[in-house]
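> Here it is, the structure in full.
The values are calculated or read from the model by the stated rules, or taken from the named source; none is laboratory data. Being a predicted model, the structure only gives us computed values, none of them experimental. Reconstructed Cβ throughout: ideal geometry from the backbone, glycine too, with neighbour counts over all protein chains shown. Remember, those area values only see protein heavy atoms, side chains included, never the ligands or the DNA or RNA. Shrake-Rupley method; radii C 1.70, N 1.55, O 1.52, S 1.80 Å.
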Amino acid sequence: MAQNIEKRGLGLNESRHMKQFIALRNGELKFFDSDTLKLLGSSFLHEKLSCTVINRRLQLTATFPSPSNHVFKFSNDRELLSWYDAIKESQKIEQRKQTRRLNSMRTGVGVCIEGNKGDKRVVWLDGNLVKWAKNKSSECDNISLSKVTKVSYTNLRSGGQGIVMRDSRREIAFSTIQEGEAKDLYLAIQWLVAAKNPNAATRLLSESGFYYRRLQLKILQKAEASTLEYSEYLKAIVRSAIASMNTTEEFPVNPLLGTSRNQMVRKYHCRSYLPLQTSYCQPDPCTCLLYTSPSPRDLSTSRMPSSACKKKKKKK
């Protein structure tokens, strides 16, 4: 399987008349304010996102799941083409991933249905229906994707995390037996529901968004078990992490992002995009070509650069 493409950089968003920090990761483009790092929006790199180069500008146009249009100008043509190639390749990777997820779902995924006392079931895709039963040959129940009004990944009443699907008549909640299958199953279902019923309350997630959501649910579960509010519990985690790093550096706080539950997590989550950005712009202070070869322990060989050795011989 092809490796995920990650890219970060600055670009002038001419459709918004502002400079933005752009981050490409796991099939999703995120746009941040270049000064405050406030998340301004995002676009999923599915097949319905159009990426073109017009008049030395990168134009991104999407009609699904919601209409959007971005026109970016970069510092040079090389950077422009680099972004174009990265986005196009990411789209191909995401299409292959979704095909694999759908094939896996058609085969069947082992789950535990909420309320069935942990009895194991198989969930599979059959046309426009999501079916579940003890096995594919036995009598099954189903729910129509076009009639689903809500799908989400959340904490279940029985404990743990799982997928909840709801139509006008009922609600079904289930967790995967293999924890690693939860991501692919949810990502497959969310796009199917969004395509069949655009009005459904679907929380669309990328791969990194899914992991972020799973972490958020774990923190929420622990916060509910403690005496702290969610935001206070999250602040305590951050303070503890800073203290464990044995540093006096203060964690930056941006009043524009607020302190609500989702905003607190987003504020610290968006900063995870920064390390790769700085590594692109700054040299590694620990790297020095003078001492890369030969080994410092090899006293029989000169460690001077070749150019310096030539000058020394000339002087002799």
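> Within segment 142-154, can you find the residues that are open to solvent by 30 Å² or more (accessible area, probe 1.4 Å), touching a residue at least 40 places away in the same chain (Cβ under 8 Å) and either aromatic (Phe, Trp, Tyr) or touching a strand residue (DSSP E or B) at 6+ places or on another chain (Cβ under 7 Å) (or both)?
Of everything in segment 142-154, those that are open to solvent by 30 Å² or more (accessible area, probe 1.4 Å), touching a residue at least 40 places away in the same chain (Cβ under 8 Å) and either aromatic (Phe, Trp, Tyr) or touching a strand residue (DSSP E or B) at 6+ places or on another chain (Cβ under 7 Å) (or both) turn out to be 149, 150, 154.
> Okay, moving on. Only one of 136, 131 is open to solvent by 30 Å² or more (accessible area, probe 1.4 Å) and touching a Cys at 6+ places or on another chain (Cβ under 7 Å); which?
Exactly one of 136, 131 is open to solvent by 30 Å² or more (accessible area, probe 1.4 Å) and touching a Cys at 6+ places or on another chain (Cβ under 7 Å), namely 131.
> Which of the residues spanning segment 190-222 are in contact with a Ser or Thr (Cβ under 9 Å, 6 or more places away or on another chain), over 10 Å from residue 153 (Cα atoms) and among the aliphatic types (A, V, I, L, M)?
Within segment 190-222, 193, 194, 200, 201 qualify.
> Here's another thing I want to ask about it. For the condition without any contact (Cβ under 8 Å) to a residue 60 or more places away in the chain and open to solvent by 70 Å² or more (accessible area, probe 1.4 Å), what is the one hit in 107, 61?
107
> Do we find a residue being part of a loop (DSSP other than H, G, I, E, B) and not small (Gly, Ala, Ser) anywhere in segment 82-105?
No, the conditions are met nowhere in segment 82-105.
> Which of the following residues is at pLDDT 90 or above and either of a type in the set (Ser, Thr, Tyr) or under 23 Å from residue 206 (Cβ atoms) (or both): 37, 81, 58?
Checking each option against the conditions leaves just 58.
> Scan segment 75-101 for residues that are surrounded by 16 or more Cβ atoms within 10 Å (Cβ to Cβ) and closer than 30 Å to residue 140 by Cβ and report the count.
Residues that pass the stated criteria total 3.
> Got a sec? Which of 157, 239 is over 29 Å from residue 30 (Cα atoms), loosely packed, with under 14 Cβ neighbours inside 10 Å and either in contact with a Cys (Cβ under 9 Å, 6 or more places away or on another chain) or charged (D, E, K, R) (or both)?
Going through 157, 239 in turn, the sole match is 157.
> Look at residue 265 and say whether it is at pLDDT 80 or above, open to solvent by less than 40 Å² (accessible area, probe 1.4 Å) and out of contact with any Asp or Glu (no Cβ under 9 Å at 6 or more places or on another chain).
Criteria not met by residue 265.
> Still on this model: Take the residues in segment 173-193 that are touching a residue at least 40 places away in the same chain (Cβ under 8 Å) and open to solvent by less than 10 Å² (accessible area, probe 1.4 Å), then tell me which one is farthest from residue 49 (Cα to Cα).
Of everything passing the filter in segment 173-193, 174 is farthest from residue 49 (Cα to Cα).
> For a quick check of your reading of the model, give me the residue pairs whose first member lies in segment 229-251 and is within 17 Å of residue 216 (Cα to Cα) and in a helix (DSSP H, G or I), whose second is of a type outside the set (Ser, Thr, Tyr) and at pLDDT 80 or above, with beta-carbon atoms closer than 7 Å and at least 6 apart or on different chains.
230/220; 230/223; 233/219; 233/222; 233/223; 234/219; 236/228
> Still on this structure: In segment 63-80, what residues are farther than 26 Å from residue 197 by Cβ and part of a loop (DSSP other than H, G, I, E, B)?
Scanning segment 63-80 gives 74, 75, 76.
> Open to solvent by less than 40 Å² (accessible area, probe 1.4 Å), touching a Pro at 6+ places or on another chain (Cβ under 9 Å) and in contact (Cβ under 8 Å) with a residue 40 or more places away in the chain: is that true of residue 37 in this structure?
Here the answer is yes, as residue 37 does meet what is asked.
> Right, next: Tell me whether segment 46-53 contains one or more residues that are open to solvent by 60 Å² or more (accessible area, probe 1.4 Å), touching a residue at least 40 places away in the same chain (Cβ under 8 Å) and part of a strand (DSSP E or B).
Looking for residues that are open to solvent by 60 Å² or more (accessible area, probe 1.4 Å), touching a residue at least 40 places away in the same chain (Cβ under 8 Å) and part of a strand (DSSP E or B), one finds none in segment 46-53, hence no.
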